[in-house]
Every structure is written in structure tokens, then in C-alpha cells.
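Beneath this line is the structure, given in C-alpha cells, with notes to follow.
Just so you know, all these numbers are worked out from the coordinates, no wet-lab data involved. Bear in mind the structure is a predicted one, so any value in this text is a computation, not a measurement. Here the Cβ positions follow ideal geometry from the backbone for every residue, glycine too, while neighbour counts run over all protein chains shown.
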Amino acid sequence: MPKRRFIAGAECPSCKALDTVFVYLDSRLPTFECAKCGHKEVLVPSETVDEKQANVDVVKIIEP
Ligand SMILES: [Zn+2]
């Protein structure tokens, strides 16, 4: 199960409720979701940037 982290003082852009939105990692992408209305947004629009960074990390690990 993904870890949920509620955001204190955050307002849902859909239903305008306070303190009902939380962030969790959905296959590496931080996803923002409202527990009240179910509104969902992926916070990082392009995952290609994330994959490039992961490749750089792998190269760094291989080369001492
Ligand atoms: Zn909501």
C-alpha cells in the first residue's frame, strides 16, 4: 500500500474542503488526492525527467 501523507492546511481544488487532501506515491509519481471527493492529480507532469535522473543514478553507481 502506498504511504499517505496528509497536507495540513491544504484546500481541495475541486470541493474546497480543508485538510482532506493527501499525497502518496503512485508508481514513483507523487499523486495528490482528496479523501472527501476523490479528486486526483499527479504532481509531476512528465515522468521522462524522472527516468533520466534514474539512469544517471545507475551510471553513477556503476562508475566508482
Ligand atoms: Zn475534494
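Data overview
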{"item": "Full-stretch length increase - VAL42, PHE22 - with 0.36 nm per residue and alpha-carbon distance subtracted", "result": "6.0 nm"}
{"item": "Per-residue Cβ neighbour rank within 10 angstrom, fewest leading, LYS36, LYS3, LYS16", "result": "LYS3, LYS16, LYS36"}
